[in-house]
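Right, one structure below, let's go through it.
The values are calculated or read from the model by the stated rules, or taken from the named source; none is laboratory data. These numbers come from a predicted model, not from an experiment. All Cβ positions, even for glycine, are placed from backbone atoms using ideal geometry, and neighbour counts span all protein chains on display.
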Amino acid sequence: MLTASDIEKVYGELREAMTHYANQAENLIAAKQDLEFKKLRALANGLIVGKNADERESVAQQLFADEYLAVADIELTERGARLRLDLVGVDVASMRAQLRLAEVLARAEQGPDDNL
């Protein structure tokens, strides 16, 4: 049987998972913007050269290897946060289904409703 404490706990976990995911998404956006700014500045300063976009990207990856690794790491962390959010969402859905089932069973135990 679910208790008010169980409900509060799962919604607290949902709130935490949502907040963590939002923070990680913001971190990823900031890291990508920082990398893009560095690439544009290097391109403007003539540090990134190449005949086509692929060659220029290859040079940028060499120049900013640490930044590319940081973005990849943050992407992994964000995906983990998203997975946690999705799993907590499943817990919430399961709890809701259990509550609904308990309501249906309680009504069935009361017998037919003559007012229907």
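Taking the condition of being without any contact (Cβ under 8 Å) to a residue 12 or more places away in the chain and farther than 21 Å from A72 by Cβ, how many residues in region 17-40 meet it? Within region 17-40, residues that are without any contact (Cβ under 8 Å) to a residue 12 or more places away in the chain and farther than 21 Å from A72 by Cβ number 1.
For A60, indicate whether it is within 30 Å of K38 (Cβ to Cβ), under 20 Å from the mean Cα position of the chain (by Cα), surrounded by 10 or more Cβ atoms within 10 Å (Cβ to Cβ) and at pLDDT 95 or above. No: the conditions fail for A60.
Name, by its number, the condition in (1) among the charged types (D, E, K, R); (2) modelled with pLDDT of 95 or more; (3) over 30 Å from A17 (Cα atoms) that does not hold for D66. Looking at each condition in turn, D66 falls short on (3).
Looking only at region 1-43, residues that are of a type in the set (A, V, I, L, M) and either more than 22 Å from A70 (Cβ to Cβ) or not in a helix (DSSP H, G or I) (or both) come to 8 in all.
Of the candidates G80, G46, the single residue that is out of contact with any Gly (no Cβ under 9 Å at 6 or more places or on another chain) and outside any helix (DSSP H, G or I) is G46.
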